[in-house]
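The values are calculated or read from the model by the stated rules, or taken from the named source; none is laboratory data. Remember, predicted model here, so these are calculated numbers, not experimental data. No Cβ is skipped: glycine too gets one built from the backbone with ideal geometry, and neighbour counts run over all protein chains shown. Just so you know, the surface numbers come from the protein's heavy atoms only, side chains and all, with ligands and any DNA or RNA stripped out. Shrake-Rupley method; radii C 1.70, N 1.55, O 1.52, S 1.80 Å.
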2 protein chains.
Amino acid sequence: MVQYSSAALDASFAALSDATRRGILERLGRAESSVSALADAFDMTLTGMKKHIGVLEQAGLVTTEKVGRVRTCRLGGRGLMAEAAWIEGLQQLWEARFDALDDIVEELKRKEQ
Amino acid sequence: MVQYSSAALDASFAALSDATRRGILERLGRAESSVSALADAFDMTLTGMKKHIGVLEQAGLVTTEKVGRVRTCRLGGRGLMAEAAWIEGLQQLWEARFDALDDIVEELKRKEQ
DNA sequence: GCTATACTGAACCATATGGTTCAGTGTTAG
DNA sequence: CTAACACTGAACCATATGGTTCAGTATAGC
């Protein structure tokens, strides 16, 4: 099994824990955007938006490129594979537990008869 | 499409952004546990662990039940469906964009000939 | 060249987070 | 009944977060 960097998951889940940042990701999923356009769309100062972009970039969820005086933001290449995989892993553990519980219940039923 | 409560996603992603809490979830995925046992396993004071459990409980990822003097923690019934769905939704947007880009590239190629 | 635009960085603020200690309360075991 | 145990809550601490303003720097357009 792949070993995920704990710090990387820390950063990406933390990045996802803010509604504004999730909104930014959804928006970038439809079209790339400058920092100003995002600041405008989310009714926030440019500086504030830049901080959010910084967090998303740090987490590897967004990449940016500055051309002239405008910085363009796009969804990062990494995607959310690691995060999705972690969640799925937990869900499998969880379901395995339920299955085990089912077995026990079955066992008890059989003994009752 | 289902409308997720923004606040619920805030809480659950924030809960997942801490390595200790992810560890707790993995552990509870294998077996239920008392608060003391968790505190011991993660080398932390009982009070500190209780805070983590509180965060996880608030996020709906863990449920607890107190019997006598011991509080038992289990994975919450809600699972991580909403979080997985949100991530998947974004990934679909993301892939759709790549597909669109592919179409454009195809178009350009055709015009070149 | 001058002005408006787009971003950057520093400083500040209020609140949240992750941890601790200490002082309880209620429960169990002997 | 008493001692140990499992938890609870309040108070405290350092650091992080989400936002702001203000003062820059660099580029674009007239």
Accessible area (Å², 1.4 Å probe, nearest 10) - B:TRP94: 40
Distance between segment B:16-36 and segment A:17-62 - C-alpha centres, whole angstrom: 31
Surface accessible to a 1.4 Å probe, A:THR45 within the full protein complex, Å²: 90
Per-residue average of Cβ from other chains inside 10 Å of B:6-13: 4
Chains B and A together, accessible area buried on both sides, 1.4 angstrom probe, square angstrom: 2800
